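Undergrad: Next up is a structure, given as structure tokens.
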Amino acid sequence: MRDKLAEQNRALQQAKKDAMMASQARNSFQMVMSKGMRRPMHSISGLLSMIQQDNVANEQKMIVDTMVKTSSVLSTLINDVMEISSKDTGRLPLEMGPFHLHPMIKEAACLAKCLCVSKGFGFSVDVGSSLPNLVIGDERRVFQVILHMVGNLLIGCDRAGFVTFRTSSVGGIEGRNDQRRAIWRPSSSEGYTFIKFEIGFDSGSSQLESSYPPIQLSTRINSEGIDGGLSFNMCKKLVQMMQGNIWVAPSSRGLVQSMTLVLKFELSLSGGDDLIEPGPPSNSQLRGLRVILADDDGVNRLVTRKLLEKLGCHVTAVSSGFECLSALGTAGSSFQIILLDLHMPEMDGFEVAMRVRKFQSRSCPLIVALTASADEDVWQRCLQVGMNGLIRKPVLLEGIAAELHSVLQANIGM
């Protein structure tokens with residue numbers, strides 16, 4: 001009996017040790033991803049958003065817009081990896097909303113062309129004439145899936161060929177028949193549209209199969225004609241969440257010939273192509289605004305400061321919560337806005353906000369949080385400590401201007 005209890009105790013101790021090691025490994029991974037990938041990506045996104053607002057030629061603007069969209073997709077992928085590793089839920093959030101399909105396709109085609117040209121491939125795009133413009137869906141996730149399709153198709157290619165990107169509108173019945181291996185079965189097409197995105201090697205090229213290397217594990221086609229790699233499986237999960245399907249079509253040699261994506265979008269009721277989007281708000285309200293910025297990351301702090309200065313704000317930047325409180329103590333109520341990173345070491349943004357609110361009213365100064373977290377309860381925590389706004393990273397010029405305008409308008413009478 002004693003020996004059995006001793007054995008159980010050793011097993012419990014080993015399980016505790018394994019759990020601690022797993023937790024330490026997860027925390028180390030999170031730190032590497034945050035400091036080594038997410039923060040630099042956020043800085044790049046912020047700088048691109050500044051260039052995006054400059055007066056550039058149409059072709060250059062298309063390239064910059066595509067870079068902005070691509071950086072947003074990469075930030076989303078990094079966030080997905082970090083969220084899955086920390087919570088172990090496997091849940092990938094969707095952000096559904098109206099967006100213009102035609103510009104998104106142009107940006108995706110621009111990116112695909114750049115990747116193809118860099119590999120020595122020719123490129124063409126074929127967009128169906130019946131394609132609707134304004135639809136409801138997750139634009140960033142759709143772009144992410146298309147980016148995956150392009151990258152997966154071109155992996156390992158080292159010779160010239162020709163790639164075609166086709167987009168067309170298909171009917172519900174046609175969409176179902178075209179998806180030979182689909183799990184998705186839409187119940188009704190009324191009020192919805194089915195869009196097919198297809199990218200593949202031109203079948204007329206004689207050297208395509210010889211130019212494409214043997215498929216590795218990440219691009220293997222199984223008996224059902226779909227990829228079995230982790231990247232593809234995550235991508236397929238996203239597509240199924242968006243009520244669609246994605247598959248790989250093999251060539252006669254069993255190599256990747258094309259990839260096809262079919263998605264179901266809700267049609268917007270606001271008039272489609274006749275929709276007139278409001279222009280960005282005037283920055284006159286932000287000019288001369290006295291802002292103190294607290295962020296422990298030097299590069300992100302510099303980028304955010306440049307964004308604020310481009311909007312006309314007068315910015316004081318500090319690297320910790322303690323420095324922020326010290327600056328507030330010496331400057332009194334001269335600051336109108338406090339921008340706080342929520343995850344600073346030693347004293348985080350929540351603690352700084354609580355201390356500020358002990359001695360200041362809720363309306364002066366206004367406190368806006370900065371966070372890279374996608375947690376849904378972050379805003380509730382911000383409200384509980386007296387914050388007035390929230391900006392999710394990456395901090396972009398348009399986003400920071402919109403949130404500052406919103407916060408100022410909401411507190412204009414206070």
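Undergrad: Please turn the phi angles of segment 366-373 into ³J(HN,Hα) values with the Karplus equation 6.51 cos²θ - 1.76 cosθ + 1.60 (θ = phi - 60°), one per residue in order, whole Hz, x for glycine and proline.
TA: After applying 6.51 cos²θ - 1.76 cosθ + 1.60, I find 7, 10, 10, 8, 10, 8, 9, 6 Hz.
Undergrad: Of the listed peptides 384-397, 284-297, what is their order by residue-averaged count of other C-beta atoms within 10 Å, with the highest listed first? Present the calculation step by step, with values, prior to reporting the outcome.
TA: Numbers: 384-397: 20.4, 284-297: 18.5.
The packing order, highest mean first, is 384-397, 284-297.
Undergrad: For segment 62-73, what does the Karplus curve 6.51 cos²θ - 1.76 cosθ + 1.60, with θ = phi - 60°, yield as ³J(HN,Hα) per residue in whole Hz, taken in order and with x for Gly and Pro?
TA: Each residue's phi maps through the Karplus curve to give 4, 5, 5, 4, 5, 5, 4, 5, 5, 5, 5, 5 Hz.
Undergrad: Which pairs in the list K61/K119; K113/K236; K16/K237; K236/K310; K69/K237 are over 29 Å apart, alpha-carbon to alpha-carbon?
TA: Cα-Cα > 29 Å for K16/K237; K236/K310; rest within.
Undergrad: Using a ≥ b ≥ c from the Cα gyration tensor of segment 290-413 (square roots of the eigenvalues), is it rounded, prolate or oblate, where a/c under 1.5 gives rounded and otherwise the larger of a/b and b/c decides, a/b for prolate? Don't skip to the end; give the middle numbers.
TA: On the way: a/c = 1.08, a/b = 1.07, b/c = 1.01.
Rounded is the answer for segment 290-413, as its axis ratio a/c remains below 1.5.
Undergrad: When only C-alpha pairs under 8 Å and at least 6 residues apart count, what is the relative contact order of segment 290-413, in percent?
TA: Details: 183 pairs, mean separation 27.5, N = 124.
Reported relative contact order: 22 percent.
Undergrad: Moving to a separate point now. What is the Cα radius of gyration of segment 364-414 over 2.2 N^0.38 Å, N being its residue count? Could you put the intermediate results ahead of the total?
TA: Working: Rg = 11.0 Å, N = 51, 2.2 N^0.38 = 9.8 Å.
Relative to the 2.2 N^0.38 Å estimate, segment 364-414 comes out at 1.12.
Undergrad: Please compute the modelled spin-label separation between Q285 and L267, points set 7 Å along Cα→Cβ, answer in nm with one decimal.
TA: For the pair L267/Q285, the computed spacing is 3.7 nm.
Laboratory data are not the source of any read-out in this text; all were calculated from the coordinates shown. Worth saying up front: this structure is predicted, and the values here are computed from it rather than measured. No Cβ is skipped: glycine too gets one built from the backbone with ideal geometry, and neighbour counts run over all protein chains shown.
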